[in-house]
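Comments concern the structure below.
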Amino acid sequence: MSSMGEHLFQSFFLIFTGAAVIASLALYTRQPLLVAYIALGALLGPYGFGLINDVNLVTEMSHIGIIFLLFLLGLDMQPKALLSVLQKATSVALISSAIFAVMGYIIGYAFGFSHQENLIIGMAMMFSSTIIGIKLLPTTVLHHKHTGELMVGLLLFQDFLAILCLMILLSGDLGKVDPQQFGMTIAALPALGLAAYLFVRFILLKLIAKFDRFHEYIFLLAIGWCMGLAEFASMIGLSAEIGAFIAGITIATSPIAQYIAISLKPLRDFFLILFFFSLGARFNLGLLGDVIIASLVLAAAILIIKPITFRVLLGRMSEKKSLAWDIGFRLGQISEFSLLIVFMAVTNGMIGDRASVLIQATAIMTFLVSSYIVIFNYPNPIAISDRLRRD
């Protein structure tokens, strides 16, 4: 076995054996598993015991989990239902994102970060976590209930906003966006949707109908379609996540969509463990002392202001008070997109290490605390209490 292969095998051994041990402890002590995976990353990563020093490969692989998650989301969304959900969620998503961005900017300014760093801090605060929001939502609620529809609509609209933010960062200057590149990207979205629809209608569905008794082939075809469209989307200036989501939507009406969704869930979970591990492993504990107060203030502001904002905005849309609070607390954290924004901004030299650690610390704190709030108070698949556990 090559040294690269040995290195990868050893990393997988440490991650998954470690995850099995620490997950067992977490369940015995009634802690959410997601917390265990992040803690394991911090322990084993380069800023902990240093047993896994190169987390780039693990991070790249974990990205596949997010792609599968969005593909499965698309599989559960009928195109007509998606349009009505987006219509309902648009105003709430736009107003709430503006409030969170301004809040992030003001707190960054109060702690002495530069104007450009504050813009990026504000940008990172706009989004809520698709992974936590969807993973802690019972499957029955996600598929069949108004709460699930509204949450998915809000998260999807935030994902579109996140793509726009990443495009701005890719230009390398917050004050200047290339109008030609921006226009091409906006035009690419409906073009990708149409091309995917035509391919599914005239090729993919015919292949599925002809060979649907070969389960291995259907599994392979689904992965190929998801990854292929994700890669194509990133080639034309969109994100792999958007491509995967469109791949899912275009076969959502197929009778075999639910079979594909069930088949891919274990694969998605495998990569999501890698995602949360890499999140913990990339966290630079050495710089935490410099930004601990700022990150505590920012995290507290997110955890308090996000639920209140969603409660008020959804209440104005005549949603029930209990449902508005439920959605507000489920979306009361920042997002994996926030971490992607940090990565892009650092790569382009737009923010310093302190601002980077501030956003990462805020992400981890809000991930943990909001997960606890949902797990102990709202129906979810990993609740400690039998009363709240819903699969």
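The values are calculated or read from the model by the stated rules, or taken from the named source; none is laboratory data. Predicted, not measured: the structure shown is a model, and the values here were computed from it. No Cβ is skipped: glycine too gets one built from the backbone with ideal geometry, and neighbour counts run over all protein chains shown.
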Given the condition buried (at least 18 other Cβ atoms within 10 Å of the Cβ), within 24 Å of I95 (Cα to Cα) and within 17 Å of the chain's Cα centre (by Cα), answer yes or no: does some residue in segment 341-352 qualify? yes
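Residues are listed down the side, and each one gets a yes or a no for (1) at pLDDT below 85; (2) closer than 17 Å to L73 by Cβ:
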site: D178; (1), (2): yes, no
site: C226; (1), (2): no, yes
site: M235; (1), (2): no, no
site: L238; (1), (2): yes, yes
site: I242; (1), (2): yes, yes
site: A252; (1), (2): no, yes
site: I262; (1), (2): no, yes
site: I273; (1), (2): no, no
Output the number of the condition that S318 fails; it satisfies all remaining conditions of (1) on the phi > 0 side of the Ramachandran plot; (2) modelled with pLDDT of 90 or more. (2)
Determine if segment 2-13 includes at least one residue that is of a type in the set (D, E, K, R) and either outside any helix (DSSP H, G or I) or modelled with pLDDT of 90 or more (or both). no
In segment 19-29, is there at least one residue being part of a helix (DSSP H, G or I) and touching a residue at least 40 places away in the same chain (Cβ under 8 Å)? yes
